[in-house]
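Visitor: My questions all concern the structure below.
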Amino acid sequence: MIEARGLARTFTGGHGTVEAVRGVDLSVAPGEVVGFLGPNGAGKTTTLRMLTTLLAPSAGTATVAGHDLRADPAAVRRRIGHVAQGGGTDPGVPVAEELDLQARLYGVRDRSARTAELCAHLDLKGLERRPAGSLSGGQRRRLDIALGLVHRPPLLFLDEPTTGLDPQSRGNLWDHIRAMRDRDGATVFLTTHYLDEADALCDRLLIIDRGRIVAEGTPAELKRRVAGDVVTVELAEAAGVEGARRALAAHPAVREAAVSGGTLRLTVEDGEKALMSLIRALDGAGVELAALNLARPTLDDVFFTVTGRSLRDAA
Ligand SMILES: Nc1ncnc2c1ncn2[C@@H]1O[C@H](COP(=O)(O)OP(=O)(O)OP(=O)(O)O)[C@@H](O)[C@H]1O
């Protein structure tokens, strides 16, 4: 659905030159929810604006929704939906009218049916006559998304869709985005600087820092690739901890086994899968367990490993 190679954008102004995006390669398959994660100023919005034809790349090529970005931007625009940060609704215009107007702009034939369908899908039923300015933050974001979907684009771009929303509205919006993928087979490309959003919502992530993609994969893959899972083992008898370490050090899933205080700390390849066999190995060595804890590395650990900084500090 998206294939980009070497996309770059430089801004030149009174304060010198800013290399906002420095040669980004990315591929997005149909039906994926892909998250573009990075701290403020990393180049997320600039990349999104290039992919949605709003900004000309300084270098690189891309095919978006089946059309070449440079050769046929109008065809790209017809096949994509784009919800910018802050949206673009007129506060005085009622919901249904706003949707109808957008449908006219795109030449949608079944305008009233499409408006009703979008109101049903995005939980806007009963709000059709309300001016956009009177909606809550979450309702307005859903209207912004409905507007982006009016012409049934197979690919939807969302720029920081949940910024400024309360936790409940954010969770609700995630459900709607998942439903677009599952019900309509839509491909969604979204930018975010929220770790929890990237983790919970996205099938795959591209992590960008200072204009370059520094890591990519599913949230689980990224976390596994970089840090491995951590299993801590507490024993009924602390004195047996060295024996437990010896029993597990050669276990195929264990990368590292270290004793810290009275507990055993294991770095393992895939903690969930390994857990049962670790317990069996300890049992076989006659070690009595008191507690076992499996902790996953976070996306922030991933960012830290690839950039040497925390995403939170970098933002
Ligand atoms: N029109 C512009 N003129 C000059 N510099 C710009 C322009 N647009 C963006 N930049 C710079 O390019 C860099 C990347 O900005 P961009 O908005 O793409 O980052 P971002 O990852 O989307 O950040 P945020 O999370 O804050 O939206 C920043 O250093 C920014 O200041």
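Where a number appears in this text, it was derived from the coordinates with a stated rule and is not lab data. Only a predicted model underlies this, so the values are computations on that prediction, with no experimental measurement involved. Here Cβ is always computed from backbone atoms with ideal geometry, including for glycine, and neighbour counts include all displayed protein chains.
Visitor: When the stretch 43-61 is examined, which residues are found to be within 10 Å of the ligand (Cβ to nearest atom) and more than 16 Å from Val83 (Cα to Cα)?
Guide: Gly43, the sole residue that qualifies.
Visitor: Restricting to the stretch 24-42, count the residues that are away from the ligand (no atom under 14 Å from the Cβ) and not aliphatic (A, V, I, L, M).
Guide: Residues in the stretch 24-42 being away from the ligand (no atom under 14 Å from the Cβ) and not aliphatic (A, V, I, L, M): 5 in total.
Visitor: Would you kindly identify the strands (runs of 3 or more DSSP E) lying entirely within the stretch 213-315 that contain at least 3 residues that are surrounded by 19 or more Cβ atoms within 10 Å (Cβ to Cβ)?
Guide: 229-235, 263-268
Visitor: Is it true that Val64 is of a type in the set (Val, Ile, Thr) and within 16 Å of the ligand (Cβ to nearest atom)?
Guide: The answer is no for Val64.
Visitor: Among the residues of the stretch 4-15, count how many are exposed (fewer than 15 other Cβ atoms within 10 Å of the Cβ) and more than 10 Å from the ligand (Cβ to nearest atom).
Guide: 2
Visitor: Quick one: how many residues across the stretch 156-187 are more than 16 Å from the ligand (Cβ to nearest atom), outside any loop (DSSP other than H, G, I, E, B) and touching a strand residue (DSSP E or B) at 6+ places or on another chain (Cβ under 8 Å)?
Guide: 6
Visitor: Let me ask another. Going by what's in this entry, would Arg142 be described as closer than 18 Å to Arg181 by Cβ and assigned to a helix (DSSP H, G or I)?
Guide: Answer is yes for this residue.
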